[in-house]
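Below is one structure, written out as structure tokens; comments come after it.
The values are calculated or read from the model by the stated rules, or taken from the named source; none is laboratory data. All values reported here derive from a predicted model rather than from experimental measurement. As a convention, Cβ positions derive from the backbone with ideal geometry for all residues, glycine included, and neighbour counts pool all protein chains shown.
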Ligand SMILES: [Zn+2]
């Protein structure tokens with residue numbers, strides 16, 4: 001199913017509310033959905049990032065064409081970064097996943113292309129994706 005423009009934002013804010021209930025730091029997080037050509041030569045896995053200076057999560061708009069399990073997984077991971085008090089310290093990628101797990105109660109997994117997924121049956125974060 002392909003999401004329409006609003007449903008990616010709706011999905012994000014519903015999850016942000018869920019994370020904020022556990023991590024008050026998430027309150028006030030903003031979302032910027034940007035055109036995929038925002039990045040000059042994006043790799044397949046370049047779908048989202050968190051900017052600590054503006055407390056904003058950026059999602060590339062092509063994320064809406066990925067399965068909803070990937071959309072959720074990517075959003076969970078970025079909200080994990082946004083909730084991280086020590087984002088600049090070593091281990092931030094795994095910490096984002098473990099913050100996500102603490103909120104959702106399920107491990108954040110990765111599909112075979114290295115994109116986060118809420119689906120079950122895929123692999124955990126591999127060293128090659130660090
Ligand atoms: Zn990350």
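The conditions are (1) free of Cβ contacts under 8 Å to residues at least 40 places away in the same chain; (2) farther than 22 Å from residue 22 by Cβ; (3) touching a helix residue (DSSP H, G or I) at 6+ places or on another chain (Cβ under 7 Å), and residue 40 fails exactly one of them. Which is it?
(3)
Name the one entry in 19, 13 that is farther than 20 Å from residue 119 by Cβ and in a helix (DSSP H, G or I).
The match here is 13.
Please specify each residue of region 46-96 satisfying the condition of being near the ligand (Cβ under 10 Å from one of its atoms) and more than 20 Å from residue 17 (Cβ to Cβ).
Of everything in region 46-96, those that are near the ligand (Cβ under 10 Å from one of its atoms) and more than 20 Å from residue 17 (Cβ to Cβ) turn out to be 49, 87, 92, 93, 94, 95.
Given the structure, is residue 24 within 22 Å of residue 103 (Cα to Cα), more than 16 Å from the ligand (Cβ to nearest atom) and out of contact with any strand residue (DSSP E or B) (no Cβ under 8 Å at 6 or more places or on another chain)?
Yes, satisfied.
Does at least one position in region 7-20 carry a residue that is in contact (Cβ under 8 Å) with a residue 12 or more places away in the chain and exposed (fewer than 12 other Cβ atoms within 10 Å of the Cβ)?
The answer is no; no qualifying residue exists.
How about region 25-83: which strands (runs of 3 or more DSSP E) wholly inside it have at least 2 residues that are over 14 Å from residue 10 (Cα atoms) and at pLDDT 95 or above?
Of the strands (runs of 3 or more DSSP E) lying wholly inside region 25-83, those with at least 2 residues that are over 14 Å from residue 10 (Cα atoms) and at pLDDT 95 or above span 48-51, 56-60.
Output the qualifying pairs, or none if there are none: Cβ atoms under 7 angstrom, residues six or more apart or on different chains, first residue in region 85-99 and without any contact (Cβ under 8 Å) to a residue 12 or more places away in the chain and over 16 Å from residue 115 (Cα atoms), second residue near the ligand (Cβ under 9 Å from one of its atoms) and part of a helix (DSSP H, G or I).
Listed by first residue and then by second, the contacts come to 92/81.
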